[in-house]
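No value in this document is a laboratory result; all are computed from the given coordinates. The model shown is predicted, which means the values in this text are computed figures rather than measured ones. All Cβ positions, even for glycine, are placed from backbone atoms using ideal geometry, and neighbour counts span all protein chains on display.
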Amino acid sequence: MAKKNQEQKPLAQNKKASHDYFIEETYEAGMVLTGTEIKSVRMGKANINDSFATIRNGEMFIHNMHISPFEQGNRHNPTDPTRARKLLLHRSQINKLLGQAKQEGYALVPLKIYTRNGYAKLLIGLGKGKKQYDKRDTAAKRDAQRDIQRALREKQKVAR
């Protein structure tokens with residue numbers, strides 16, 4: 001019998017976040033969703049590529065997260081698939097993030113959506129924006145690492 005709380009593969013992922021930001025800290029937040037929205041998220045119909053998080057009146061919200069309407073839904077489906085959705089965090093975490101996100105060059109970036117114990121969770125990262133030369137440096141390191149791995153594989157093939 002498999003454990004219930006094992007992490008599954010991400011339902012939605014923001015791959016561009018690691019390209020555009022240095023992620024310094026991550027926080028796990030719950031999401032307030034309607035019944036048909038959670039069904040769409042579980043089917044993988046969520047997109048967080050252009051989304052961002054804000055803090056208003058002591059509460060955290062995610063904006064521009066697109067959740068496609070559920071096909072078998074009823075008339076109570078939300079009409080706006082990109083509406084602002086409330087995120088559930090502890091008060092101390094929100095206050096900490098509020099102070100850090102106000103600094104120059106920092107942003108609250110959604111990283112991935114996954115389920116844990118039947119609840120949809122969103123991984124939020126505190127990211128510092130990368131400059132163009134940082135992005136090129138990261139790409140050069142990744143290419144060098146790929147070349148090293150390729151050379152090692154070729155060497156192992158020859159040794160056999």
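Taking Rg and Dmax of the Cα atoms in Å as calculated from this structure, the corresponding entry among (i) 17.5, 67; (ii) 14.2, 39; (iii) 19.2, 65 is (iii). Taking label positions 7 Å along the Cα-Cβ direction at both K102 and I23, the computed distance is 2.6 nm, reported to one decimal.
Annotation for N95 and Q132: the two label points, set 7 Å from Cα along the Cα-Cβ direction, are 4.2 nm apart.
What residue among R136, R150, R56 shows peak mean-square fluctuation when the chain is described by a Gaussian network model with Cα springs under 10 Å? Residue with maximal mean-square fluctuation among R136, R150, R56: R150.
Output the pairs from K45/K96; K39/K121; K45/K128 with a Cα-Cα distance over 22 Å in this structure; if there are none, say none. Provide the component values of the computation, followed by the final result.
Working: K45/K96 31 Å; K39/K121 14 Å; K45/K128 28 Å.
Flagged as over cut-off: K45/K96; K45/K128.
Computed over the chain, the per-residue total of -39500 (n - 2.57) for DSSP H runs of n ≥ 4 gives a 222 nm mean residue ellipticity of -10000 deg cm²/dmol, rounded to 500.
Comparing mean-square fluctuations of Y114, Y21, Y133 from a GNM of the chain with C-alpha springs under 10 Å, the top value falls on Y133.
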